[in-house]
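Notes follow the structure.
The values are calculated or read from the model by the stated rules, or taken from the named source; none is laboratory data. Being a predicted model, the structure only gives us computed values, none of them experimental. We place every Cβ from the backbone using ideal geometry, glycine too, and count neighbours over all the protein chains shown. The area values use the complete protein model at the heavy-atom level, side chains included, leaving out ligands, DNA and RNA. Shrake-Rupley method; radii C 1.70, N 1.55, O 1.52, S 1.80 Å.
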2 protein chains.
Amino acid sequence: MRTARPRALTLRDVSAAAGVSEMTVSRVLRDRGDVSAATREKVLTAARSLGYVPNRIAGGLASQRVNLVAVMIPSLSNLVFPDVLGGISAELDDTPLQPVVGVTQYAPAREEAVLYDMLSWRPAGLILAGLEHSRAARAMLRAAGVPVVEIMDTDGESVDCAVGISHRRVGAEMAATILNAGYRRIGFLGTHMPEDHRARKRLEGFEAGLSEAGVPLAAREFYQGGSSLVKGRELTERILTRKPDLDFLYYSNDMIGAGGLLWCLEQGIDIPGRLGLAGFNGVEMLKGLPRRLATTDARRVDIGRRAARIVAGKDPRPDGGVIELVPTFLPGDTIRQV
Amino acid sequence: MRTARPRALTLRDVSAAAGVSEMTVSRVLRDRGDVSAATREKVLTAARSLGYVPNRIAGGLASQRVNLVAVMIPSLSNLVFPDVLGGISAELDDTPLQPVVGVTQYAPAREEAVLYDMLSWRPAGLILAGLEHSRAARAMLRAAGVPVVEIMDTDGESVDCAVGISHRRVGAEMAATILNAGYRRIGFLGTHMPEDHRARKRLEGFEAGLSEAGVPLAAREFYQGGSSLVKGRELTERILTRKPDLDFLYYSNDMIGAGGLLWCLEQGIDIPGRLGLAGFNGVEMLKGLPRRLATTDARRVDIGRRAARIVAGKDPRPDGGVIELVPTFLPGDTIRQV
DNA sequence: GTGAAAGCGCTAACAC
DNA sequence: GTGTTAGCGCTTTCAC
């Protein structure tokens, strides 16, 4: 049997112990207004010795301000979002704000529910991944009355403002790079996730880039579920079995790209001579593969930082509402040099 | 200029729109008490069309109950914690509770601050990694008056209860396995993190296991910062340069183990003949390496689930306060068969 | 089945 | 520099 919950301490208890008014205690604990050093000491000592922890539920209600920033991302088990969160935390660290994370699992209905939920805490700002949301979600975002920053993507309309990269352009530029290196029989490998709009836009940009040069996308292969090395291997084997004459594989993320790379090397395929490879993300953790996989760095940390700066009021809402960062192409050594 | 924040809607607004008392609206929105179907419909319609989002700050204060579970973990950029969180979420999904995550960065001072912070929201329960906390943190945990589950580790005393595995035993069993396979010149590679108590305990258990058989640990190599494939390569090269005659390398996690494995294969080292390798965690994402790295699965998802079940009241607090799960040894093919 | 009154634990605003 | 009063937006409790 757990011992009965002892009534939690309140300001009143500290007030009694310190022999000053609740108001004074409140001021000391929040470091607000003028309080004499002596009183301050008394209060702090009393609060500490009692083990008082302020009740923010009450505080938030009274002050009508809650120092939370709601952050909504599709997934945690996706090497990219921890980086974004890192950028956000780093930038909020010297402010009173703190991030609260909600995971939407690439499901619009779930996003709507999580948003409703987060809004019920009346956060001071909102950061969420992507520009695509349900009607209801967009309505909630507009009505929130606090800064809303949509991150990762700039191809579309934001509710309030956006910080990200153009995935369409990433795809198009990768197409140009690949064509320029002389590859012509090109395949694409990615997740089958209609709701992963950024992956979709990269593919669209990629195909557009290819077809501008009159090159069709020769094959595509999709998978379900999380990314892993094995998935990359299986996909690669599958696509090359179907179309053995492909000379380039563009993966929608580095993890499956890495799996593909390992598989190809084991098969003795000449990389990048006979077959070129590229991924997406620029995941730090995966540096150290037998070859450096060509990829595009998605500026994840910077995106988090810039978004947080806006919400924290360190930076103004950008003109036009959009900050488009420039992704960095990392050539690696899985694309032929020209 | 952002438009001025419109006063957020309150129950009063919905009440006015629906033509019933605030109390009735509240009952409908919380699905409590008897409300006639007609009234219910009226209220729901009004709430929806206004775009009303309940204010949980006020609700929490009034009801003295907040359906949050505080979850405190050392890091997100560590393939293991997303799994734990997944287990927790899965188990809380059919309850009114939801997890709120705080990241402590393996820093006791930071853990204390995050804890203070989370307690100020008066959560309905607490799940936190590890059994080692500052005096102040332990005091707060004891005084919290809600279920507290310490996870990942069972080697030590819990404040309330614990769900985890014995890292000491993991280390000892790996030692036995390695010795049994005939390896004798054994090195250890891990992070230099005095506050990663679980890694420390694995090493202690490992050394104890070796020395029981009269085998000393022949070398150890530590690194700073996050784990990655490159780190694993560098460490491996370093330790083998120092002690070329080592015949086994035990890594404190799979990521650096994978880096080491790749490096060794490139050097043409016979794995597992001339040199055996093992990691720790059983990270799904890394299956698909050229060899399956021997490792121990840490039961991360189950740990999350069991902890959540206790907090949610689905399971009682365990007898003796501890649930020790059995980690699974995954032999892979980087240890010689006996 | 519905409503009215009181109050949750704080802080804003103002008084002294 | 410190205290008093009112009230944040809900839910509890009890009356009807």
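Tabulated data
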{"item": "Alpha-carbon spread of the protein assembly as shown, three principal axes, descending order, Å", "result": "74, 70, 52"}
{"item": "Heavy atoms of B:THR191: accessible area, 1.4 Å probe, square angstrom to 10", "result": "20 Å²"}
{"item": "Folded to 0 to 90 degrees: helix B:197-212 orientation relative to chain B principal axis, Cα", "result": "30 degrees"}
{"item": "Principal axis dimensions, chain B - Cα atoms, whole angstrom, descending", "result": "84, 46, 37"}
{"item": "At R0 = 45 Å, FRET efficiency that the Cβ-Cβ distance of B:SER49 and A:THR328 yields, to 0.05", "result": "0.45"}
{"item": "Gap separating the Cα centres of region A:256-271 and region A:210-240, nearest whole Å", "result": "13 Å"}
{"item": "At 7 Å out from Cα toward Cβ: A:PRO108 inter-copy label distances (nm, ascending)", "result": "5.1"}
{"item": "Residue among A:VAL170, B:ALA16, A:GLY187 farthest towards the positive dipole end of the protein assembly as shown, charges placed on Cβ", "result": "B:ALA16"}
{"item": "Inter-chain shielding of A:116-125 (mean C-beta neighbours from other protein chains, 10 Å cut-off)", "result": "4"}
{"item": "Sites A:ARG142 and B:GLU237, calculated FRET efficiency, Cβ-Cβ separation with R0 51 Å, nearest 0.05", "result": "0.35"}
{"item": "Equivalent ellipsoid semi-axes - Cα gyration tensor, region A:1-52, angstrom", "result": "24, 10, 9"}
{"item": "Rh by Kirkwood over Cα pairs, then Stokes-Einstein D for region A:49-161 at 1.567 mPa s and 4 °C, µm²/s", "result": "87 µm²/s"}
{"item": "Helix-only mean residue ellipticity at 222 nm for chain A, each DSSP H run of n ≥ 4 adding -39500 (n - 2.57), per residue, nearest 500", "result": "-13000 deg cm²/dmol"}
{"item": "Dipole moment magnitude, nearest 20 debye, region B:1-52 about Cα centre, only Lys, Arg, Asp, Glu C-beta charged", "result": "280 debye"}
{"item": "Peptide-level mean, for A:220-230, of C-beta atoms on other protein chains within 10 Å", "result": "2"}
{"item": "Accessible heavy-atom area order of B:SER227, A:SER21, highest first, probe of 1.4 Å", "result": "A:SER21, B:SER227"}
{"item": "Area hidden from solvent between A and B (accessible, protein heavy atoms only, 1.4 Å, total, Å²)", "result": "4700 Å²"}
{"item": "In Å², nearest 10: area of B:LYS243 left accessible to a 1.4 Å probe", "result": "70 Å²"}
{"item": "Computed E for A:GLN267/B:SER211 - FRET, C-beta separation, R0 45 angstrom, nearest 0.05", "result": "0.50"}
{"item": "Contact order relative to length of chain B, as percent, for alpha carbon pairs under 8 angstrom and 6 or more apart", "result": "17 percent"}
{"item": "Largest-first ordering by accessible area, 1.4 Å probe, given options A:ARG30, A:ARG309, B:ARG135", "result": "B:ARG135, A:ARG30, A:ARG309"}
{"item": "Dipole of region B:228-286, positive direction: furthest Cα of B:LEU246, B:TRP263, B:ALA278, with charges on the beta-carbon", "result": "B:LEU246"}
{"item": "Region A:243-338: mean projected area of Cα convex hull, nm²", "result": "8.2 nm²"}
{"item": "Dipole magnitude of the protein assembly as shown about its Cα centre (Cβ charges: Lys, Arg +1; Asp, Glu -1), debye to nearest 20", "result": "1300 debye"}
{"item": "Student exercise, chain B dipole from Lys, Arg, Asp, Glu Cβ charges, in Debye to nearest 20", "result": "940 debye"}
{"item": "Region A:1-52, relative contact order [Cα under 8 Å, separation at least 6], %", "result": "38 percent"}
{"item": "Ranked order, B:LYS287, B:LYS314 - accessible area, probe 1.4 Å, largest first", "result": "B:LYS287, B:LYS314"}
{"item": "Cα-only Debye scattering, region B:71-111: base-10 log of I(q)/I(0) at q = 0.25 Å⁻¹", "result": "-0.83"}
{"item": "Vicinal HN-Hα couplings computed from phi for region B:230-241 (Karplus, 6.51 cos²θ - 1.76 cosθ + 1.60; Hz; Gly/Pro x)", "result": "4, 3, x, 4, 4, 4, 5, 4, 4, 5, 6, 6"}
{"item": "Shielding of B:92-103 by partner chains, average beta-carbon count, 10 Å", "result": "2"}
{"item": "From phi via Karplus (6.51, -1.76, 1.60), per-residue ³J(HN,Hα) for region A:277-294 in Hz, x at Gly/Pro", "result": "9, 8, x, 8, 2, x, 6, 4, 4, 8, 4, x, 6, x, 10, 7, 5, 4"}
{"item": "Viscosity 1.002 mPa s, 20 °C: Kirkwood-radius Stokes-Einstein D of region A:103-152 over Cα pairs, µm²/s", "result": "198 µm²/s"}
{"item": "Spin-label pair A:ARG274/A:ARG65, simplified geometry with 7 Å Cα→Cβ offset, distance in nm", "result": "6.6 nm"}
{"item": "Long-range Cα-Cα pairs in region B:168-296 (distance over 25 Å), rounded percent", "result": "14 percent"}
